[in-house]
Amino acid sequence: MATTAPLPSNFNQTSALAPTQTGFRFPPHYSFPPFFTLQPVASTRSSQLSSWSSLIQSYCRYNRIFSLSIIDTLNTPLFYNASLNRRLNLRDAKAILSYMSTSEGDNRAEFIGRGKQKAGEEDGGKVWIYWRRPEEWAAALEEWVERTGQKGTVLTLYEIVEGDASRKEEFWSMDMDLLQKSLAVCVKRGKAQIFGSEGSEGVKFF
Amino acid sequence: MDRRRTPGLSSLSSRGLQSHHYTTHGAALRTRNAQSLETQLSVFQSLLHNFALTHSKDIRANPAFRAEFARMCSALNIDFLASSYHRDGRAADGKGGESIWAQLLGGSVNDFYFNLGVLVVEECRSTRAENGGLISVSDLKARISKGRGIGGGMDVSDDDIKRAVESLSPLGSCFSIMKIGHRSLIRSVPKELNTDQSTVLEAIQVLGYVTVSMLQLNLNWERPRAHAVVEDLMADSLVWVDTQAGENEYWSPAFITATAT
C-alpha cells in the first residue's frame, strides 16, 4: 500500500489545483487499479462495464467530446491513469465500447463507418459517444428552437453549432455529422425540413 | 446496639419480637428505597420525554447528537427500536403497539432508522455486482450522504448505520456487520466467509492488495491453497484482479472509496 496509497490523493490534489487542465473529477473507481483490467468474472465484469460506460459518458460530456478514436484515446487520461500507471489496453477498450454500443449498454456508442463488419474486426476505428443519443439531441434541438422562437426561420447548420445564440447549449460545437444525424431524426418526426446542397444546408423547424 | 440478655423464657419472646421488628423495618426501608428510585426513574423518563420533544429536530439533524442520545438510551436499557412490549406498563395501559420513541416523537426517530435501513438495503443491492455484497461502512456512508435523488442526501454517522443494519435483523440473517481488521463491513449476502477468505480480506485491508506469492510468503500457504482462495473470492466478486503489475494483484472493491480518498 505504501507505494500506491499516496498516488490517488496526489491525483485528487492536482485535479483540484488545476481545474483548467483536466477539471473533470474522476469517480473513485478511476483510482482503483483493477478497474483498468477487465474482470474475468461475468457479474463483476458487467458491473465494471457499466461503470466504464458512465465514466466515458460523463468524461465526454464534460470535455464536449462527441466521438472518440479508440487508439488515440488510449493515451489520454480517460483510458490512462498516469498516477497509477494503469491503462486500458486496446482489446479491453474495444470491448467496453462494443458493450456500450449494444442495447445492454443502452446504445451509448456507435462505431463509425462500420458496415457489415462485426464487433472486434475493425482496427480501432472511430466511435460516436452518445452521452446524448441522436433522438435525444433532436429533442434538445427542437426544444431550443421552440424556446428561442426560431420556428419557421431558416437556420444554417453552422449557426446552430457555432453561433452565439447556442453558445450556452449542450450541442454547441457539436460534430457536423452528428448534427446531421440528429436533424435527420427531426425530419423523420416531421418537425423539420432540410434543404440546400451539401456543405451549405439550412434547416427549418416547424 | 445495646442488648440486654434476659435469662429464661422471656428472652425467647423478646428475641422473636426483635427480629420481627428488624424485618419489618428492613422491608419498609426497601420499599421506600424502591419507591424513591421509581419516582426518580419516572421523573427522569418524563425529563427525557421533554428533552426528546424539545430536541427532536436536533436528534434528527445532528448525527453526533443522535449517536449520544441513542447511547444514553441504551445505557438506560431503553431500546427505542423495540416494540412497546419491552415495558409492561405501556402494553398494560393500552398505549401499546408503538415503541416509546415512536410515541414521544411521533415516530420520527424510529422512522429515521427504518428509512436509513431501506437506504442501506438499496445501496447494498445496487453495488452487489461490483463488490460481491461486501461494502465498507464508510463507503456506504459516503454513498448515502451523496444521495440519489434531489435532496436525497442524508448526513449520517457510522453509529446510525450500525443501528439501521441492526433494525434489519427481523428480515433474516441477510444483513449483518462484520469486522475485518479494524474496519467494519456490511455483508448483504447470506454467504459466510471461511477463515482463509477472511484472512485474505484482512490482509487486503491492511496492505491494499495481495498477490499469490505474498500469501505464500506471509501465511506459509502452499501455492494451490493461496490460488484457490483468491479464485474463490474473485468468483464471488469480493476481489478484483489487476493484471498490469507483473504478478496479478487482487484488490477488494469494498475499499474503492477508501483508496480514493
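Each reported figure results from applying straightforward, stated rules to the coordinates on display, with no laboratory input. What you see is a predicted model, and the numbers here were worked out from it, not measured in a lab. Please note: Cβ atoms are built from the backbone with ideal geometry, for glycine as well, and neighbour counts cover all protein chains shown.
Quick look at the values:
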item	result
Cα-based shape type of the stretch B:13-61, given that a ≥ b ≥ c are square roots of the gyration tensor eigenvalues and the cut on a/c is 1.5	prolate
Where GluC sites (Glu not before Pro) fall in DSSP loop in the stretch B:145-253, at most 11 other Cβ within 10 Å	B:Glu192, B:Glu222, B:Glu247
Hydrodynamic radius (Kirkwood) for the stretch B:180-261, which is based on Cα pairs only, to one decimal in Å	13.0
Residue order, fewest to most surrounding Cβ atoms within 10 angstrom, among B:Val229, B:Val137	B:Val137, B:Val229
For the stretch A:64-206: relative contact order, % (alpha-carbon pairs under 8 angstrom, 6 or more apart)	21
Listed residues B:Met234, B:Gln216, B:Ala203: farthest to the positive end of the dipole of the stretch B:176-261 (Cβ charges)	B:Ala203
Cβ-based exposure ranking for B:Ile186, A:Ile194, in which fewest neighbours within 10 Å come first	A:Ile194, B:Ile186
The stretch A:121-206: mean projected area of Cα convex hull, nm²	6.4
Whole-number percent relative contact order across the stretch B:134-253, with pairs defined as alpha carbons under 8 Å at least 6 apart	19
Packing-based exposure ordering (other Cβ within 10 Å, fewest first) of A:Met174, A:Met100	A:Met174, A:Met100
R0 of 41 Å, Cβ-Cβ distance B:Glu68-A:Glu136: FRET efficiency to nearest 0.05	0.25
Radius, Kirkwood style, for the stretch A:31-82 when every pair of distinct Cα atoms is counted (Å)	12.0
Computed label-point distance, nm, for sites B:Ala27 and B:Leu219 using a 7 Å Cα→Cβ extension	6.6
³J(HN,Hα), Karplus 6.51/-1.76/1.60, whole Hz, each residue of the stretch B:111-116, x for Gly, Pro	4, 3, 6, 5, 4, 4
Solvent-free Debye scattering, log10 I(q)/I(0), computed from the Cα coordinates of the stretch A:25-166 at q = 0.12 Å⁻¹	-0.57
Across A:Lys94/A:Lys168; A:Lys94/B:Lys146; B:Lys57/B:Lys179; A:Lys151/A:Lys181; A:Lys126/A:Lys191; B:Lys141/B:Lys191, pairs whose alpha-carbon gap is larger than 27 Å	A:Lys94/A:Lys168; A:Lys94/B:Lys146; B:Lys57/B:Lys179; A:Lys126/A:Lys191
Dipole magnitude of the stretch B:153-261, debye to nearest 20 (Cβ charges: Lys/Arg +1, Asp/Glu -1, about Cα centre)	160
